[in-house]
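The values are calculated or read from the model by the stated rules, or taken from the named source; none is laboratory data. Every value quoted in this text rests on a predicted model; they were computed, and no experiment measured them. Note that we place each Cβ from the backbone using ideal geometry, even for glycine, and neighbour counts take in every protein chain shown.
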Amino acid sequence: MIEDRIFRKSKFNLQKLKKYGFAKSDGFWIYEKLFMKDDFKAVVKVDNQGKVNGEVFDVASGDVYLPLRIENGVEGYSNKVRAEYEKILREIKNTCFSENNFVSEQANRLVNFIANRYGDKPDFPWKKYNEYGVFRNSASNKWYALIMNIDANKLADKKEGRFDVVNIKIDENKIPLLLKKDGFYPAYHMNKKNWITLILDGTIKDEDLFELLDESYAYTIVKKKVHP
């Protein structure tokens, strides 16, 4: 979805939505705009959780413009309509939304916890996986957390969609017990002996997540040598 791609890490500001021209109707904040010489009308809806949906209508017929959702890579009129619609969405995003580091609210709460507790910010070292954020101890440069947005089927066959997850380092003796709990999975793309993956969808309480994060951070602390 075009809207998901553009707004996936964004958080709306209600006062800015109102000022921009959004009006409340049937539980949504709605904005309408004519474009392409008034041949088309964009209708953008934002729900109370900040989820953005939209439609483009052909003004002459009053019908939804279905070619908008068909991205075949061929240059044509529908591509121009899509490009203009995306401009409208990006202007709304730049004016009424702020950008978060990650998609899920819990992942961003974790970012704030880390910043306040350890003073560290995420590093995004991979161009191909530019949404994978690494947290390192600023003194030792060692990793203690890695937040990723991945397909749920990489965690469990019964899950669908995409989720933010975090990999942290834990005492290997604790891992078998944690894996019996909801929200804990074998480490994705890391050493499963000492690392474990936690899903950031609210299944695990923040206080439990933060406590385990403290343990992971402790592994990165450089111990000072004691001289006789």
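Observations on the structure shown:
Here's the yes/no breakdown for (1) more than 14 Å from MET190 (Cβ to Cβ); (2) within 16 Å of the chain's Cα centre (by Cα); (3) among the charged types (D, E, K, R); (4) part of a loop (DSSP other than H, G, I, E, B):
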| site | (1), (2), (3), (4) |
| --- | --- |
| SER140 | yes, no, no, yes |
| LEU146 | no, yes, no, no |
| ILE150 | no, yes, no, no |
| ASN153 | yes, no, no, no |
| ASP164 | yes, yes, yes, no |
| ILE168 | no, no, no, no |
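- Whichever residue in the stretch 47-82 is closer than 29 Å to TYR132 by Cβ and more than 19 Å from the chain's Cα centre (by Cα) and, among such residues, is modelled with the highest pLDDT: GLY54
- Qualifying residue in the stretch 118-134 (condition: among the hydrophobic types (A, V, I, L, M, F, W, C), under 17 Å from the mean Cα position of the chain (by Cα), assigned to a strand (DSSP E or B) and more than 22 Å from VAL222 (Cα to Cα)): no
- Conditions (1) crowded, with 16+ Cβ neighbours inside 10 Å; (2) more than 18 Å from ILE168 (Cα to Cα); number of the one not met by TYR118: (2)
- Extreme residue, nearest to the chain's Cα centre (by Cα), among residues of the stretch 171-211 that are within 20 Å of VAL134 (Cα to Cα), hydrophobic (A, V, I, L, M, F, W, C) and in a loop (DSSP other than H, G, I, E, B): LEU200
- So GLU55, is it closer than 30 Å to ALA139 by Cα, touching a strand residue (DSSP E or B) at 6+ places or on another chain (Cβ under 7 Å) and in contact (Cβ under 8 Å) with a residue 12 or more places away in the chain: no
- Helices (runs of 4 or more DSSP H) contained entirely in the stretch 1-96, each with at least 2 residues that are surrounded by 17 or more Cβ atoms within 10 Å (Cβ to Cβ) and among the basic types (Lys, Arg): 77-96
- Here LYS169, LYS154 are screened, and the one residue that is of a type in the set (Lys, Arg) and buried (at least 18 other Cβ atoms within 10 Å of the Cβ) is LYS169.
- Selection over the stretch 87-108 of residues that are charged (D, E, K, R) and farther than 24 Å from ASP38 by Cα gives a count of 2.
A quick yes/no check of all residues on (1) out of contact with any Lys or Arg (no Cβ under 9 Å at 6 or more places or on another chain); (2) of a type in the set (A, V, I, L, M); (3) within 30 Å of LYS33 (Cβ to Cβ); (4) outside the structural domain of TYR20 (by TED's automatic domain parsing):
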position: LEU66; (1), (2), (3), (4): yes, yes, yes, no
position: ASN79; (1), (2), (3), (4): yes, no, yes, no
position: TYR85; (1), (2), (3), (4): yes, no, yes, no
position: LYS121; (1), (2), (3), (4): yes, no, no, yes
position: ASN130; (1), (2), (3), (4): yes, no, no, yes
position: LYS142; (1), (2), (3), (4): no, no, no, yes
position: ILE147; (1), (2), (3), (4): yes, yes, no, yes
position: GLU160; (1), (2), (3), (4): yes, no, no, yes
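- In summary, LYS33 fulfils each of the numbered conditions (1) touching a strand residue (DSSP E or B) at 6+ places or on another chain (Cβ under 6 Å); (2) closer than 30 Å to VAL165 by Cα with the single exception of condition (2).
- Against the test of being touching a residue at least 24 places away in the same chain (Cβ under 8 Å), over 22 Å from ILE199 (Cβ atoms) and out of contact with any Ser or Thr (no Cβ under 8 Å at 6 or more places or on another chain), the options GLU84, GLU99, GLU91 yield a single qualifying residue, GLU84.
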